1. Normalised by the number of residues in segment 127-181, what is the relative contact order in percent for Cα pairs under 8 Å and 6+ residues apart?
2. Can you sort 53, 132 from fewest to most other Cβ atoms within 10 Å of each residue's own Cβ?
3. Report the FRET efficiency, 1/(1 + (r/R0)^6), for residue 105 and residue 21, where r is their Cβ-Cβ distance and R0 is 22 Å, rounded to 0.05.
4. Can you sort 150, 106, 163 from fewest to most other Cβ atoms within 10 Å of each residue's own Cβ?
5. Cut-off is 10 Å between beta-carbons; in what order do 75, 108 appear when sorted fewest neighbours first?
6. Pop the C-beta distance of residue 174 and residue 146 into the FRET formula with R0 = 41 Å and round what comes out to the nearest 0.05.
7. Over the chain, calculate the relative contact order: mean separation of alpha carbon pairs under 8 Å at least 6 apart, over the residue count, as a percent.
8. Show that you can apply the helix-only estimate: for the chain, add -39,500 (n - 2.57) for every DSSP H stretch of four or more residues, divide by all residues, and state [θ] at 222 nm to the nearest 500.
């Protein structure tokens, strides 16, 4: 209770996260097109939301505008970050970090003990964020991306339900809460 009282009030027009709906897909695909050289077709998002029972997608909104999104699959004790992006005009505000936290929370709540993801070898900013949250590179998938044949780092985080990881999340979450509008 005290922790809630000590937190600064969230501005009504601040950043918030909610489950993705089909009405969000046009905004999500816009961000997708300007963020990635290889993009998911919009029907992939419709399929993920409508038929994939292990898929959980979220959007981040700032001033009621979708500016970020992310998705995770949770299959028993394993989870897989499928996508995460922030509109370039809104990067550097920790919105991607807040989305990642939401994906981790979702995975843990659904019983996952492990989380994996792929990241471009050249995307050092994303890699730094993932390492901050306990992800380590376990292998390199050569030529993973078909647009330019770039390799992907395969990263894993484990013991998501353990006390050490919960403590890490609590510290990181408190730091993010202090900085995100």
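Where a number appears in this text, it was derived from the coordinates with a stated rule and is not lab data. The model shown is predicted, which means the values in this text are computed figures rather than measured ones. We place every Cβ from the backbone using ideal geometry, glycine too, and count neighbours over all the protein chains shown.
1. Relative contact order for segment 127-181 comes out at 26 percent.
2. By the 10 Å Cβ count, ascending: 53, 132.
3. 0.70
4. Going from least to most buried by this count: 163, 150, 106.
5. Ranking 75, 108 by Cβ neighbours within 10 Å, fewest first, gives 75, 108.
6. Given R0 = 41 Å and the Cβ-Cβ separation, E is 0.55.
7. 18
8. For the chain, the value works out to -11000 deg cm²/dmol.
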